[in-house]
Amino acid sequence: MRLATIRTATGTRAVRVDESSAVETGDADVRALLEHPDWAQRAATAAGPTHPVADLDYAPLVPNPEKIICAGLNYRDHVLEMGNELPEYPTLFAKYAPALVGAHDDVVLPAVSDKADWECELTVVIGSSVRHADDAAAEAAIAGYTVMNDVSIRDYQRRTGQFLQGKTFERSTPLGPWLVTPDELPAGGWRITTELDGETVQSSTTDQLVFSAVDLVKYVSAIITLNPGDVIATGTPGGVGAARTPQRWLADGTVMVTTVEGVGQLRNVCRKETISS
Ligand code: ZN
């Protein structure tokens, strides 16, 4: 089952996305849907108004998550190519909801920096509250998987030891287009890619993750209760612009396509922010 949040003339709606049409579930967005303990049944049997899939205007998959948690330095190939040792603990940082945009929205490149970089990421969406999870509880708490591009403003990210200021620029981070429930996905090792204007710049597989989705849910749930609609981005593989020689950055007009095989695809045009005085 695929679930999305779409924009309509009268506000956002959660939908089940079928082959050619999307069916409203009666909820304002995917978080509100997931807050029903019987969300899977509710979505599977939804019979609200329908929309042609080709016409959908995707909002951020979860427009207002309680938590957006991101893992850094979590792909084996990337860590080793950078000459680092595999980490004992995950690197975690956060974003705020105003950083999110929909799957086909413009990504805003900040006026104050010219060092915007790309990071394709497999992303977990939480479907039930969980604290101090073991493997089974962590797996059961995962509603499904989606795609994020953790667009990163590298000069801000590296101004201090804390990543936050480079990671939560307004309207920087596409999330969506939908979540796919685990039962629809093949066993792990999904290809994950970023293309810029048709050129592949990142390509790896999710079996390179150091800390798996379940590992991350367990780890974070030891710190704080994870709740329905929370998202955990699992980190990005090699091929980012900052690690290239010469370095390379997103530019006004760049078309950025972010794909996790079997999960979904984001397609966003980058637009330089202009500050009106
Ligand atoms: Zn990232």
(request) Set the Förster radius R0 to 41 Å, insert the Cβ-Cβ distance between Ala44 and Ala9 as r into 1/(1 + (r/R0)^6), and round the FRET efficiency to 0.05. (result) 0.95
(message) Taking the full set of protein chains and a 1.4 angstrom probe, give the accessible area of Arg31 in square angstrom, rounded to the nearest 10.
(response) 50 Å²
(request) Using θ = phi - 60° and the Karplus relation 6.51 cos²θ - 1.76 cosθ + 1.60, list the HN-Hα couplings for segment 211-222 in order, rounded to whole Hz, with x at every Gly or Pro. (result) 10, 6, 4, 5, 4, 5, 4, 4, 5, 5, 5, 6
(request) Only loop residues by DSSP count here, and only those with at most 16 other Cβ atoms within 10 Å; note down the GluC sites (Glu not before Pro) in segment 1-78 that meet that. (result) Glu19, Glu35, Glu66
(message) Taking 25 °C and 0.890 mPa s as the conditions, I'd like the Stokes-Einstein D for the chain in µm²/s, using the Kirkwood hydrodynamic radius from alpha carbon pairs.
(response) 131 µm²/s
(request) For Val107, list long-range residues whose amide hydrogen, built 1.01 Å from N in the peptide plane, is under 5 Å from its own amide hydrogen. (result) Val269, Cys270, Arg271
(request) Once you have all Cα-Cα distances for segment 155-277, histogram them in 10 Å bins from zero and send the whole-percent values. (result) 10, 34, 39, 15, 2, 0
(message) Starting from the Kirkwood Rh over alpha-carbon pairs, what translational D in µm² s⁻¹ does segment 1-143 have by Stokes-Einstein at 37 °C and 0.692 mPa s?
(response) 187 µm²/s
(message) If each residue of separation counts as 0.36 nm, what is the full-extension length gain between Ala111 and Glu273 once their alpha-carbon separation is subtracted?
(response) 57.8 nm
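Residue separation times 0.36 nm, minus the C-alpha to C-alpha distance between Arg131 and Thr225: what's the value?
33.4 nm is the gain from fully extending Arg131 to Thr225.
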(request) Using label points projected 7 Å from each Cα along Cα→Cβ, tell me how many nm separate Ala140 and His104, to one decimal. (result) 3.9 nm
(request) Could you check the simple spin-label distance between Glu81 and Tyr96, using points 7 Å along Cα→Cβ, in nm with one decimal? (result) 3.4 nm
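The values are calculated or read from the model by the stated rules, or taken from the named source; none is laboratory data. Predicted, not measured: the structure shown is a model, and the values here were computed from it. Note that we place each Cβ from the backbone using ideal geometry, even for glycine, and neighbour counts take in every protein chain shown. Calculation scope for accessible area: heavy atoms of the full protein, side chains included, ligands and nucleic acids excluded. Shrake-Rupley method; radii C 1.70, N 1.55, O 1.52, S 1.80 Å.
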